[in-house]
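Everything below concerns the one structure shown next.
The values are calculated or read from the model by the stated rules, or taken from the named source; none is laboratory data. On a predicted model such as this, the values are computed, not experimentally measured, just so you know. Reconstructed Cβ throughout: ideal geometry from the backbone, glycine too, with neighbour counts over all protein chains shown.
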């Protein structure tokens, strides 16, 4: 639904501007007011919007600062009456509010401030009224002030009482230009370039960088809003700025050190925020009947694949109802905001407004403009803009794909320009977040092969990591997971990246592998390609991801997978000793599966780990619920092995090839 922009907006979410402070002595209260008044007096008025309002308030406080100069000299000699002290305490609160208002107006998006100019002008006038009230009841006769100071207070009282709420005519006119421009978009009327230049010059935006900063402020504003109507209005403004940035200043030239948005490779995601199935940040956490939390998409795929057990505990699900974990989702949203990660990248997140017509039309116009520029000789800047747009929201991803950008991006995957290759593969990665775009990418001639080739021989580690992340995203569809797992180049490329890449690239490779081995038929191919060796090498750097891969391969693989993991038994024992709770739990679950499938030889290898019984007892007593159960199972295996009772495991395993130096991997000594 379209949003009317020239009506008042509700206040955005904020912490209280004033907090209770301890009672101050007369001298300290005077000094506090002296410092506060001089701090405000030294502030710069707003430059482009509401300048007269802020200048008027600052000038009045500057007059008051002169009075406190004199009061501070006498503060040690004065004893305030109760009425005087109450007046000064109220004045201190007003000072705090004045400073907060000017600071907020200086930091907020200028366009957003422009649309709320009537509300903010009222806030300025309200503060003047409050200051006037305090001055009217202030017992000036108690302070023995000089005639000059008394004259200043009289002048200030008159100025405050005579003040009226106002908005500068220039600000009103500028606001009308902005709202008219956005209103025209609903009727698919392209904004006039000269009008855009005039609007943004009046707001102080004179280059591409300043508009990029304004987009960031508006994105922050969306997070601060509490209703969809205001979120949609902010989204419309973002569309206006993005469009203007492209048509006025052309595609941006990416900085040499520009990195992809913080995500799998860069963010240290708390363990509780990761889905136990994919190890990715949960987009829509839900609780199953066993009390475990998973990402909705992941657990849906698990259940639809025919499973009736909880992936983490192995318990049979009493029902398949999924209960939203709203408390955890709110915590994830807050964490994403602190980390400057748009939560929408990982799902709806509750942070993206429902698309309004103006925002959608702006996005279509931007995409059309950029697609036309893709044929230029220097297309790196254009692809960079598409990359940035594709990471912004769902509407942009849909518009870019519908405009036919994917086939045009494919040819840049094989470029010899490293930055262009990174921008192209990352744009495809961002597009793949939208479910319908996964099909478009898989069905576009050359797209999948191009991404695989970047994974295997990309110009930079970043390009390879983003190719791996793209494969992870595409593997979210079960049919594509099987298709990708059948490609030897995908399997070998991911394993090689997990072995050789830097930490961030290894993480992307391991998470992609974890997604692909969810299909049982893919497990054998990864074992043959050396996934266990790659995971073992990553135990120190990425214990959570590495152990999760080993657990998944051992659980879904046969004797070959267990045999390949033989050399990791002691590493798994070390993880149980020193790892985080979830990693220790995963390591214990892996060892239980190996002991069950592998028989007495594997139990003997585990028993040879120094202090393993103590580690297991500690997990039983102080580990997680699942970790305790798995540790108890390990203790039973050890006790049976020590007693010479191998009947239970032998019946299940039939035969097991224990690796020797000439088979698969050497045991860890």
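So, of the residues in region 361-375 that are in contact with a helix residue (DSSP H, G or I) (Cβ under 7 Å, 6 or more places away or on another chain) and free of Cβ contacts under 8 Å to residues at least 60 places away in the same chain, which turns out to be nearest to residue 184 (Cα to Cα)? Show your work before the answer.
First pass over region 361-375, keeping only residues in contact with a helix residue (DSSP H, G or I) (Cβ under 7 Å, 6 or more places away or on another chain): 361-367, 369-371, 373-374.
Narrowing further to those that are free of Cβ contacts under 8 Å to residues at least 60 places away in the same chain: 364, 367, 371, 374.
Details: 364: 14, 367: 18, 371: 23, 374: 27 Å.
Restricting to residues being in contact with a helix residue (DSSP H, G or I) (Cβ under 7 Å, 6 or more places away or on another chain) and free of Cβ contacts under 8 Å to residues at least 60 places away in the same chain, the top hit is 364.
Checking each residue in region 190-243 for being more than 22 Å from residue 335 (Cα to Cα), touching a helix residue (DSSP H, G or I) at 6+ places or on another chain (Cβ under 8 Å) and part of a loop (DSSP other than H, G, I, E, B) picks out 190, 191, 203, 204, 205, 206, 207. Within region 29-48, the residues that satisfy the criterion of being in contact with a helix residue (DSSP H, G or I) (Cβ under 7 Å, 6 or more places away or on another chain) and over 17 Å from residue 127 (Cβ atoms) are 29, 30, 31, 32, 34, 38, 48. Residues that are assigned to a loop (DSSP other than H, G, I, E, B) and surrounded by 19 or more Cβ atoms within 10 Å (Cβ to Cβ) within region 502-537 comprise 517, 518, 519, 529, 530, listed in sequence order.
Out of curiosity, is residue 588 at pLDDT 85 or above, in contact with a helix residue (DSSP H, G or I) (Cβ under 6 Å, 6 or more places away or on another chain), outside any loop (DSSP other than H, G, I, E, B) and surrounded by fewer than 21 Cβ atoms within 10 Å (Cβ to Cβ)? In short, no. Yes or no: residue 488 surrounded by fewer than 22 Cβ atoms within 10 Å (Cβ to Cβ), touching a helix residue (DSSP H, G or I) at 6+ places or on another chain (Cβ under 9 Å) and within 19 Å of residue 521 (Cβ to Cβ)? Yes, satisfied. Checking every residue in region 630-649 against the condition of being at positive phi and either modelled with pLDDT under 50 or within 41 Å of the chain's Cα centre (by Cα) (or both) gives zero matches. With respect to (1) surrounded by 24 or more Cβ atoms within 10 Å (Cβ to Cβ); (2) at pLDDT 95 or above, the lone exception for residue 390 is condition (2). Here residue 79 clears all of (1) more than 43 Å from the chain's Cα centre (by Cα); (2) surrounded by fewer than 19 Cβ atoms within 10 Å (Cβ to Cβ); (3) part of a helix (DSSP H, G or I) except the condition numbered (3). Do we have any residue at all in region 196-215 that's crowded, with 16+ Cβ neighbours inside 10 Å, over 27 Å from the mean Cα position of the chain (by Cα) and farther than 21 Å from residue 108 by Cα? No, region 196-215 contains no residue that is crowded, with 16+ Cβ neighbours inside 10 Å, over 27 Å from the mean Cα position of the chain (by Cα) and farther than 21 Å from residue 108 by Cα.
Yes/no per residue for (1) assigned to a loop (DSSP other than H, G, I, E, B); (2) farther than 30 Å from residue 229 by Cα; (3) modelled with pLDDT under 95:
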residue	(1), (2), (3)
17	yes, no, yes
22	yes, yes, yes
27	no, yes, yes
30	no, yes, yes
65	no, yes, yes
70	no, yes, yes
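Only one of the listed residues (106, 37) is farther than 30 Å from residue 228 by Cβ, modelled with pLDDT of 90 or more and not in a loop (DSSP other than H, G, I, E, B). That residue is 37.
Inspect region 152-161 for any residue being within 27 Å of residue 61 (Cβ to Cβ), under 33 Å from the mean Cα position of the chain (by Cα) and surrounded by 16 or more Cβ atoms within 10 Å (Cβ to Cβ) and give the result as yes or no. Step through it out loud before you land on a result.
The first filter runs over region 152-161 and keeps only residues within 27 Å of residue 61 (Cβ to Cβ), leaving 152-161.
Subsequent filtering for residues that are under 33 Å from the mean Cα position of the chain (by Cα) retains none.
Checked region 152-161: no residue is within 27 Å of residue 61 (Cβ to Cβ), under 33 Å from the mean Cα position of the chain (by Cα) and surrounded by 16 or more Cβ atoms within 10 Å (Cβ to Cβ).
Scan region 397-436 for residues that are more than 15 Å from residue 471 (Cα to Cα) and part of a loop (DSSP other than H, G, I, E, B) and jot them down. Listed by number, the residues that qualify are 403, 404, 411, 412, 414, 415, 416, 417.
All conditions but one from (1) assigned to a loop (DSSP other than H, G, I, E, B); (2) touching a strand residue (DSSP E or B) at 6+ places or on another chain (Cβ under 8 Å) apply to residue 294; the one that does not is (1).
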